[in-house]
Amino acid sequence: MTGKLVTVFGGSGFIGRHVVRHLAARGWRVRLAVRDIEQAGFLRPAGNLGQISAVPTTITSDASVAAAVKGADAVINLVGVLYERGKRTFQALHVDGARRIAAAAKAAGATHLIHVSALGADAASPSKYARSKAAGEAAVHGAFPGATILRPSVVFGSEDRFFNMFGAMAQISPVLPYFTNTVPHAPGGGGSKFQPVYVGDVAEAIVGAVSGEAHAGRTYELSGPKVYDMKEILQIVNRETMRKCQIWGMPYLIAHINAVFLQFLPTPLLTPDQVKLLKLGSVASGRAPGLEAFGITPTPVELIVPTYLKRFRPVQQTKKIRSAGKLPAA
Ligand SMILES: NC(=O)c1ccc[n+]([C@@H]2O[C@H](COP(=O)([O-])OP(=O)(O)OC[C@H]3O[C@@H](n4cnc5c(N)ncnc54)[C@H](OP(=O)(O)O)[C@@H]3O)[C@@H](O)[C@H]2O)c1
């Protein structure tokens, strides 16, 4: 198999699997550096025979990371977590792991390093997640000055954890809650603002960064074409799931109290740190270039989200649409 070699850390995740498919389509040889090669096996058919391989990797080990990047022309780091558990801390993954990957990529002679951070990365943020993302960016720049940093807003796509979470909630709850600092019906009472970006656009930007010279050493903010407040997002969920849920604005204090308990679930639905992130929202600052720098026109929420939120519609609605000839018979 010919073609340049790229090592992808976090390639088995939501964004990673799109990135791997885009890279394979462009002829890259892809080496997945993953904890569990069996679990990443589903990605092999995304490429030709031998185009996609997987190596077991521990990102807390210098030797393991060095072995994963050996001979790679480019390296992409998509490793990230939304909550901490035991040794799996923000510091260990977002900062120390990112530094280790960057240093190993440099030592291996990789020409490109793409590091995926997050919009809102800020050393002075009230959120520990956002502070760790800023520290990770600094660590990456220190070890690999020509690295490209990409900061996506909240990412949407058929397997996202944002619209799908609200879609699932709409299926079982008569109420869709959001949190606001002011009276819900007052101007600005729609809660924090978000600028969701399509996963396919993020993947395309990553492939653009790894393939071109122009993006080295630069930081990009990846966001969608439109800003929504939380109330508007829930209205989209209500409409596309054909539900009539009440949309209620609540004070952040309620979110915080819930998060204090929910953080202890095996997979926490909400943590106090995530409440801080929610409060900040996720909108591009405009101080960094965005998708347009990669020649990408951002895909609207309205074009993609309906295609997967329909799975949360009431069964009888789907039957009605089918019988009206709008959907093929099951
Ligand atoms: N999705 C969003 O809305 C969004 C928004 C802004 C920024 N980001 C950032 O984009 C990156 C990718 O996000 P995503 O949504 O694709 O996340 P994801 O689906 O949770 O994937 C995260 C990846 O990190 C890997 N990982 C987690 N813990 C690890 C560990 N201890 N050692 C090695 N690998 C580990 C996971 O591997 P396993 O499969 O082995 O668990 C997975 O491949 C993250 O850095 C995230 O912070 C995402």
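The values are calculated or read from the model by the stated rules, or taken from the named source; none is laboratory data. Keep in mind the model is a prediction, meaning the values are calculated, not measured. Every residue, glycine as well, gets a Cβ built from its backbone with ideal geometry; the counts of neighbours run over all protein chains shown. To get the accessible areas, we keep the full protein, side chains included, count just its heavy atoms, and leave off ligands, DNA and RNA. Shrake-Rupley method; radii C 1.70, N 1.55, O 1.52, S 1.80 Å.
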Between LYS70 and GLN39, how high is the FRET efficiency from 1/(1 + (r/R0)^6) when r is the Cβ-Cβ distance and R₀ = 25 Å? Nearest 0.05.
0.65
FRET efficiency estimate (nearest 0.05) - Cβ-Cβ, ASN48 to LEU82, R0 25 angstrom
0.15
Any idea what Rg and Dmax come out to for segment 1-131 if you just take the C-alpha atoms, in Å?
14.6, 48
Hey, can you grab everything whose amide H is under 5 Å from the amide H of LEU176? Only 5+ residues off in sequence or another chain; H modelled, so Pro and N-termini drop out.
GLN246, ILE247, TRP248
Report Rg(Cα)/(2.2 N^0.38 Å) for segment 170-281, keeping two decimals.
1.31
Length released on extending from THR297 to ALA107, taking residue separation times 0.36 nm less the Cα-Cα span:
64.8 nm
Can you tell me what the convex hull of the Cα atoms of the chain projects to on average, as an area in nm²?
18.1
If you take every DSSP beta bridge fully contained in the chain, what fraction is antiparallel? Give it as a percent rounded to 5.
10
Once both label points are put 7 Å beyond Cα along the C-beta direction, the ASP62-ALA138 separation in nm becomes 2.2
Computing the accessible area with a 1.4 Å probe over protein heavy atoms, can you report the carbon and sulfur percentage for segment 43-123?
56
Using 0.36 nm per residue of separation minus the Cα-Cα distance, give me the extension gain between ARG311 and SER158 in nm, one decimal.
54.0 nm
Which value, to two decimals, describes the C-alpha radius of gyration of segment 187-226 once divided by 2.2 N^0.38 Å?
1.58
Computed for segment 181-314: size of charge dipole around the Cα centre, +1 on C-beta of each Lys and Arg, -1 on C-beta of each Asp and Glu, debye to nearest 20, value 580
For segment 214-224, in residue order, the Karplus 3J(HN,Hα) values (coefficients 6.51, -1.76, 1.60; θ = phi - 60°; whole Hz; Gly and Pro = x) are 5, 9, 4, x, 10, 10, 10, 9, 9, 9, x
Among ILE114, LEU82, GLY3 the positive-end extreme of the charge dipole of segment 1-117 (Cβ point charges):
GLY3
Could I have the simple spin-label model distance between VAL260 and THR89, label points 7 Å from Cα toward Cβ, reported in nm to one decimal?
2.4
Taking the chain as the reference, fit the longest principal axis to its C-alpha atoms, fit the long axis of helix 252-262 to the helix C-alpha atoms, and give the angle between the two in degrees, 0 to 90, nearest 10.
60
Averaged per residue, what accessible area in Å² does the chain show with a 1.4 Å probe, protein chains only?
47
Tilt relative to the chain, helix 14-25 - C-alpha long axis, 0 to 90 degrees, to 10
50
Using mean Cβ contacts within 10 Å as the protection proxy, how do 178-188, 289-299, 201-211 order, highest first?
201-211, 289-299, 178-188
LYS244 and ASP122 label points (each 7 Å along its Cα→Cβ direction) are spaced in nm at 4.1
Measuring from its Cα centre, segment 12-97 shows a charge dipole (+1 at each Lys and Arg Cβ, -1 at each Asp and Glu Cβ) which, in debye to the nearest 20, is 240
